[in-house]
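The values are calculated or read from the model by the stated rules, or taken from the named source; none is laboratory data. Note that this is a predicted model, so its numbers are computed, not measured. Counting neighbours? That spans all protein chains shown, and the Cβs are built from the backbone with ideal geometry, glycine included. The protein model used for the area step is the full one, side chains on, heavy atoms only, and it has no ligands, DNA or RNA in it. Shrake-Rupley method; radii C 1.70, N 1.55, O 1.52, S 1.80 Å.
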Amino acid sequence: MKNKLPRVLYGGDYNPDQWPANTWAKDIQVFKQAEINSATINVFSWAALEPSEGVYDFHQLDAIIKELSDNDFSIVLATSTAVMPAWMFKNYPDVARVDYQGRRHNFGQRHNFCPSSLNYQHLANDLVDHLAKRYAGNQHIVAWHVNNEYGGNCYCDNCVKAFRLWLKKRYQTLANLNKAWDNAVWSHTIHQWDEIVAPNELGDAWGPEGSHTIVAGLSIDYLRFQSESLHHLYSNEKNIIEQYDQHTPVMTNVHSAPNKMIDYQEWAKDQNIIAYDSYPFYDEPWYKPAFLYDLMRGLKQGQPFMLMESTPSQVNWQPYSPMKRPGQMRATEFQAVAHGADTVQFFQLKKATGGSEKFHGAVIAHSQRTDTRAFREVAQLGHDLKKFGNDFIGSRVSAKVALVFDWANFWSYEYVAGISQDFNYVDDILDYYKQLYRLHVPVDVISVDDDFSKYDLVVAPVLYMVKTGLEQKIEDYVKHGGHFVTTYMSGLVDEQDNVYLGGYPGALKKLTGIWVEESDAVTPKKTVKVSLDGGLTCDATLVCDQIHLEGAKELGHYASEFYAGTPAVTINQFGKGQAWYVGTRLDDQGLGKVMADIIHQLGIQQLTTSQTPLEITRRQKDGKDLTFILNLSNQEETLTADFQNEHDLLTGQPAANTVAPWGVMILTK
């Protein structure tokens, strides 16, 4: 099947074209010492494959593929279309992207192609056609890797012309468009299609890209258009590959953060397997990569994903790049596995001697030695994956709680002008994920279009944009016994960012049984007190909604400011289900209590009820549970009593009572 891999892939990006051919065999023997079984190749080789237009040279790639195939490596073959050769810029200037400031790029860097350039499309498609025709049928190629880490917008004239056509298809008439964008404001009414311009820093947008705009409807539509345009490039390459190879999975890799400019959920429909590049910052809390892994798993309804890139040691592009502590690499790679990865792949397998990534970590470092701590840990992980990979490959995470993450809300929430400049979609979502993570509750991260009925609880923080049909979907879910949590800045606008009239929270007003009269911005370094049922008093920041009850019941109220005594947290019975509304950004303690109370009230299973800093995650396969215990810290931790009678696959022994710093257990009963 096209959504499955033949085995757990352990490997990563390999660039043998940067090295003399007589070094390849030695590299492969080093990889084998670490039980590495796969290599991603040809990611950035366009200039070598096509040194001048229409002149192809595959002799080096032929040799590389033969060397890897002869050694029984699984090959992820990339299409090389992420970096354009110099001759393309010289011959076809329109292939170069125009940035947010209106500047056309020169040759250099990468990911700087214009998605609307017909010249780029033709040349890229021709290269992919040659690659697919030549290498389809090679049994060692287990996946096709299209382009690389798509992202970034173009604001050139070709894109603007294509955008106008896209808008004509979407709105049909200028009257519809002007209404959708509310163009009567500031005399923005459009009378001719060719009056529409790109919302860049020279026009209706300003400040950091994606953060400020005059006409939100225009800017959001431009983000939709650009995401679709890049997706079109991906689909072109995928379709060409499938003309020659209908059996091997085709995908592209998405970057951590997540990438705001690409709607991962729309793209996922066209990928056979989700592939993800994970590079947590050194000071990030461990629940953030956990959330991002759950997001990747949720893109295809729980299907395992590929950890396409990570690093065995340091990165080169973060402001500070500390070494991973002893055991940390193994533990953090297993975190991805625990949350649904069926591969562990690195960037990179061998360090380059030049270029901007020469100090990025690799399996083969500049010393080219195998007696280093980093290499020994890579080899240990390889041994674990070879021995136990069949136990988890294809297994699933079972969750009864869903957390909603939606790209249209990502775009629109951070375009809000007024109230507060501190709205950050990912951070506000993470507030809620963090509490579920601490409660050891398995979570699926889903889109607004996914099936809610599978879940006992759906949590949708800052659901600012509620598109047509979503209001009814949520109401039907709750009416039939579902449970729903939402927050401040939710239900306010439609898909064009126009406000629902009748009072906030707009489309969710009936469901939540409240009316929000105003929202107070909490200025920096200030807090508002909130008193929750049970006697806990906590701090609130960001915004404080002034809530009137219209059927809902109060679960907490403000305890300071002029609105002291008014509701801050509410619950509303709606049909057979309930809806909670959290009207402010509660501090860690306060939100922790609210979410714990909900989980306990609904009887949702926690993998452990003990308070422990250990990360506990579970995958299931053929009726068998695999519980991953991860100590993502530099200090020893005690294993909770729930698991002390279980068997540790990694040691072949009963579970130890303690978990070493950066220790990993995979437990079965």
Q: Could you pull out every one of the helices (runs of 4 or more DSSP H) wholly within the stretch 100-201 that has 1 or more residues that are of a type outside the set (Phe, Trp, Tyr), free of Cβ contacts under 8 Å to residues at least 24 places away in the same chain and in contact with a Ser or Thr (Cβ under 6 Å, 6 or more places away or on another chain)?
A: 174-180
Q: Enumerate the strands (runs of 3 or more DSSP E) found wholly within the stretch 530-612, keeping only those where 1 or more residues are open to solvent by 60 Å² or more (accessible area, probe 1.4 Å) and not aliphatic (A, V, I, L, M).
A: 537-549, 553-558, 567-574, 584-586
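Do you know which residues across the stretch 55-81 are assigned to a loop (DSSP other than H, G, I, E, B) and touching a helix residue (DSSP H, G or I) at 6+ places or on another chain (Cβ under 8 Å)?
The answer is 56, 57, 58, 71, 73, 79, 80, 81.
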**Q.** Hits in the stretch 70-85 (condition: closer than 15 Å to residue 230 by Cβ and among the small types (Gly, Ala, Ser))
**A.** 82
Q) Limited to the stretch 353-382, what total is found for residues that are in a loop (DSSP other than H, G, I, E, B), of a type outside the set (Phe, Trp, Tyr) and surrounded by fewer than 20 Cβ atoms within 10 Å (Cβ to Cβ)? A) 14
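Would you confirm, using the coordinates I've provided, whether residue 466 is over 22 Å from residue 397 (Cα atoms), in contact with a helix residue (DSSP H, G or I) (Cβ under 7 Å, 6 or more places away or on another chain) and surrounded by 22 or more Cβ atoms within 10 Å (Cβ to Cβ)?
Yes; evaluated as a whole, the condition is true for this residue.
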Q | Odd one out for residue 472 among (1) open to solvent by 10 Å² or more (accessible area, probe 1.4 Å); (2) touching a helix residue (DSSP H, G or I) at 6+ places or on another chain (Cβ under 8 Å); (3) assigned to a helix (DSSP H, G or I) | A | (2)
Q: Residues being part of a loop (DSSP other than H, G, I, E, B) and either in contact (Cβ under 8 Å) with a residue 12 or more places away in the chain or not small (Gly, Ala, Ser) (or both): count how many of those fall in the stretch 202-211.
A: 6
Q) Restricting the stretch 492-515 to residues that are over 19 Å from residue 553 (Cβ atoms) and open to solvent by less than 10 Å² (accessible area, probe 1.4 Å), which is nearest to the chain's Cα centre (by Cα)? A) 493
Q: Taking residue 273 as the residue in question, decide whether it is in a loop (DSSP other than H, G, I, E, B), open to solvent by less than 50 Å² (accessible area, probe 1.4 Å) and within 21 Å of residue 407 (Cα to Cα).
A: yes
Q. In the stretch 241-254, how many are surrounded by fewer than 22 Cβ atoms within 10 Å (Cβ to Cβ) and part of a helix (DSSP H, G or I)?
A. 3
Q: Check whether at least one residue in the stretch 47-62 is open to solvent by less than 50 Å² (accessible area, probe 1.4 Å) and within 26 Å of residue 329 (Cβ to Cβ), and report yes or no.
A: no
Q.
When you scan the stretch 73-91, do you find a residue that is more than 30 Å from residue 153 (Cβ to Cβ) and over 29 Å from the mean Cα position of the chain (by Cα), even just one?
A. no
Q: Sort out which residues of the stretch 319-338 are open to solvent by 10 Å² or more (accessible area, probe 1.4 Å) and either in contact with an Asp or Glu (Cβ under 7 Å, 6 or more places away or on another chain) or small (Gly, Ala, Ser) (or both), and write them in order of number.
A: 321, 327, 330
